[in-house]
1. Starting from the Cα of LYS73, step 7 Å toward the Cβ, then list every residue of the stretch 133-149 with an amide N under 16 Å from that point.
2. When Lys and Arg each count +1 and Asp and Glu each count -1, what net charge do the other residues less than 10 Å away from GLY258, Cβ to Cβ, add up to?
3. Give the long-range amide H neighbours of GLY178: residues separated by 5 or more places, or on another chain, with amide H under 5 Å away, using H modelled in the peptide plane at 1.01 Å from N.
4. Express as a percent, rounded to the nearest 5, the fraction of DSSP beta bridges in the chain (both residues included) that run antiparallel.
5. Cα convex hull of the chain: how many Å³ per residue?
6. Could you give the distance between the Cα centres of the stretch 116-193 and the stretch 240-255, to the whole Å?
7. Nearest 20 debye, what's the magnitude of the dipole of the stretch 211-297 about its Cα centre given +1 on Lys and Arg Cβ and -1 on Asp and Glu Cβ?
8. How much length would be gained if the chain were fully extended between GLU271 and GLN171, taking 0.36 nm per residue of separation minus their Cα-Cα distance, in nm to one decimal?
Amino acid sequence: MSEGPDPRSAAGAPSEVGPLGPHETTVVVIGAGTMGHGIAHVCALSGYDTVLVDVDDIRVAAGLSRVKANLNKGVELGKVDAADRDAALMRLSGSSDLVTAVSGAGLVIEAVPEDLELKSDLLRRIGEAAPAGCLVASNTSSLSIAALSESAPDPKRFLGLHFFNPVHILQLVEVVHGPATSADSLAAAVTFARRLGKEPIVVKDSPGFASSRLGIILGLEAMRMVEDGVASAADIDKAMELGYRHPLGPLKLTDLVGLDVRLAIARYMHETTGSERFRPPAILERMVAEGRLGKKSGRGFYDWND
Ligand code: NAD
């Protein structure tokens, strides 16, 4: 049995803590993948002490080196000052020890895969280690905040903070309030998102929120069009890019998001809404089964090896 103070009681009463919890300036991001490394990047660059957590040291190191590479690229492009990059890297650390990392957090943001069981289990483990008054957020793209809040340490201090990929470039953050989220927590999350230089929108807890619900429809329909042989993936994307001024076609975007991520969202939306619009097309199921996950695996609707 471990000895020492219980981190939940050591931090003092929730009423005494600031809007981002007892350790105001420390953000812990859990999951160092596509989203987690980007969230850690913007937090560290905005002045927060940031800890990036994953299941093992190899994944943590991979996430940290992606942040470093993106910051270096920002400096090369003249978008980030070298001094700001250096300061951000000083504020950023990694850990595969969830309990220790979370025990010093003012805000915890989870960015693990889109799986209700996995996220619920993680939230319970966060609850065992997080200081009282800590704000906890999920980066889920579609899952019910109400369902997740059943496992959250304090449902009043739990909400959705939905960032967009690539996080260091895209401005939107959906702030999703669950049934029990307090007005203070919501206000703190909006302030936090603005401090990251993001544009927050406050959204009701509803499957797919304001973004994924529409975005996934476009992506799934584009996949059905590939299945039907309407046009090539590149030409379907071109239709949306040139004809509708979308910055990125729906299939290229699917490759960037990850086909596995989109499949998980489609399955969840189909199950929860019962609408056939969200049924995952066979081509998506097949490509994920074949390991064609998009940019991260080298191949999706496009070949990214070049
Ligand atoms: P990803 O697969 O790229 O990364 C997930 C990371 O979580 C992996 O590194 C994995 O090792 C780690 N992980 C798994 N279980 C863990 C645990 N118990 N503790 C610590 N780390 C753990 O996934 P992603 O694309 O970054 O998606 C993460 C979340 O963000 C999902 O909820 C997804 O729906 C959402 N999201 C994704 C995108 C996107 O474009 N990919 C956009 C917005 C939101």
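1. none
2. 0
3. Close amide H contacts, sequence-distant or interchain: GLY160.
4. Roughly 25 percent of the DSSP beta bridges within the chain come out antiparallel.
5. 140 Å³
6. Using only Cα atoms to place each centre, the spacing works out to 29 Å.
7. Around 240 debye, computed over the stretch 211-297.
8. Value of the extension gain: 33.0 nm.
The values are calculated or read from the model by the stated rules, or taken from the named source; none is laboratory data. Bear in mind the structure is a predicted one, so any value in this text is a computation, not a measurement. Backbone-built Cβ (ideal geometry, glycine too); neighbour counts: all protein chains shown. Areas reflect the complete protein model, heavy atoms only, side chains present, ligands, DNA and RNA absent. Shrake-Rupley method; radii C 1.70, N 1.55, O 1.52, S 1.80 Å.
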